[in-house]
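Every number in this text was worked out from the coordinates using simple rules, so none of it is lab data. Just so it is clear, the model here is predicted, and its values are computed rather than measured. As a convention, Cβ positions derive from the backbone with ideal geometry for all residues, glycine included, and neighbour counts pool all protein chains shown.
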Amino acid sequence: MRLNRRHFLHTATAFSLLGGRAWAATETRFEDFVIRTVSDGKLVLPIDFLMPEGADQQQIASLLQEAGVSGETYDSPLNLTLMQRGEDLILFDAGSGPDFMPTAGRLPDALAAMGIAPDQITHVLFTHAHPDHIWGVLDDFDEPIFRNAQHLINRVERDFWLDPATMETIDPSRQTFVAGARRRIETLGDRLEVFEDGDEVLPGVTALMTPGHTPGHTSFDLAGQAFVIGDAVTTPHMGFHRPDLPSGSDQNPERGAETRVSMLTRLADSGVAVVGYHLPDGGIGKVVRDGDAFAFQSA
Ligand SMILES: [Zn+2]
């Protein structure tokens, strides 16, 4: 990593598009590419989303209190990774679109504030097919918004959402996730290609399955210099301090915890830059050791 800087784009365009809010985008330069995080807004989630059934509620409550998280809800930022290398503009995930939550779906405005039109995106790589990651792939007319992009998803992830058994077996509170993912995957049709775990999906971009959050959840290694973790860690307060604890946001909490522990161990050892979809301060930083556990150090 050669340079870290934070850009605050106080332009008239950014102000008018974002309702007067100053727009912050985080940018980090590497040897032959640049990554920026682009905000899709935020999710406002019920606090019990962090407390899966069977977990020690008291323990989680005290961890949250320690982190200063109180009240009935908590805010979760939404950071998409935009990788620019040569002519390629590679977007990791597609945001929430207009139908998921009123506080999310800002991606098109955020890109516009950076002077980027959806037509200019050359690739969309999905970490997984939850609403805040794939619903934004269609516009208000149900047409693919990134018209010129090649879309890519892990085969296991795609097949899970298309499997008729998924609707029958998933927790009823997540049935809209199934319907929403299926509709988008089907609408994308041939525009959506699949990759396998371990594939170099684009030159220097390697897909590595980090399952638990969803069955085919995938992280991406960018030329050994940066790691897009997606939702393998969704909460900075708990995910880094107690990665071994099950998270209510993971579909398979035990598997998610195993993935988190092994992934964070590797990332702390390697010291590469990480980008987390739901991490604070734009989501770019490093994983460092903190006693027996870890911490996120934003760039
Ligand atoms: Zn997410």
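By definition, a body whose alpha carbon gyration tensor gives a ≥ b ≥ c is oblate when a/c is 1.5 or more and a/b is not larger than b/c, and the range 174-299 fits this oblate description. Assign one of three labels to the chain, namely rounded, prolate or oblate, based on the Cα gyration tensor with a ≥ b ≥ c the square roots of its eigenvalues; rounded applies when a/c is under 1.5, prolate when it is not and a/b is larger than b/c, and oblate otherwise. Rounded shape, in that the Cα axes give a/c under 1.5. Under the convention that each Lys and Arg Cβ holds +1 and each Asp and Glu Cβ holds -1, the size of the dipole of the chain around its Cα centre is about 940 debye. Annotation: amide H of TYR74 within the under-5 Å range of LEU45, ILE47, sequence separation 5 or more or interchain, hydrogens built in the peptide plane.
Selection among LEU222, VAL201, LEU188 by position relative to the dipole of the range 149-259 gives LEU188 as farthest towards the positive end (Cβ unit charges, Cα centre). Here the Karplus relation 6.51 cos²θ - 1.76 cosθ + 1.60, evaluated at θ = phi - 60°, turns the backbone of the range 221-230 into coupling constants of 8, 9, 6, x, 10, 8, 9, 8, 8, x Hz, with x for every Gly and Pro. In the chain, excluding the sites themselves, the longest stretch lacking any of the trypsin sites (Lys or Arg not before Pro) that are in a DSSP loop with at most 16 other Cβ atoms within 10 Å is 148-299.
The separation of the range 66-112 from the range 267-299, counted between C-alpha centres, amounts to 18 Å.
Shape of the range 84-197 from the C-alpha gyration tensor: oblate (a/c of 1.5 or more and a/b not above b/c, with a ≥ b ≥ c the square roots of its eigenvalues). Tell me, what HN-Hα J-couplings in whole Hz come from the Karplus equation 6.51 cos²θ - 1.76 cosθ + 1.60 at θ = phi - 60° for each residue of the range 109-116, using x for Gly and Pro? With coefficients 6.51, -1.76 and 1.60, one gets 5, 5, 5, 4, 5, 8, x, 10 Hz.
Near LEU279, the amide H atoms lying under 5 Å from its own belong to ASN79; only residues 5 or more places off or on other chains count, and H is placed 1.01 Å from N.
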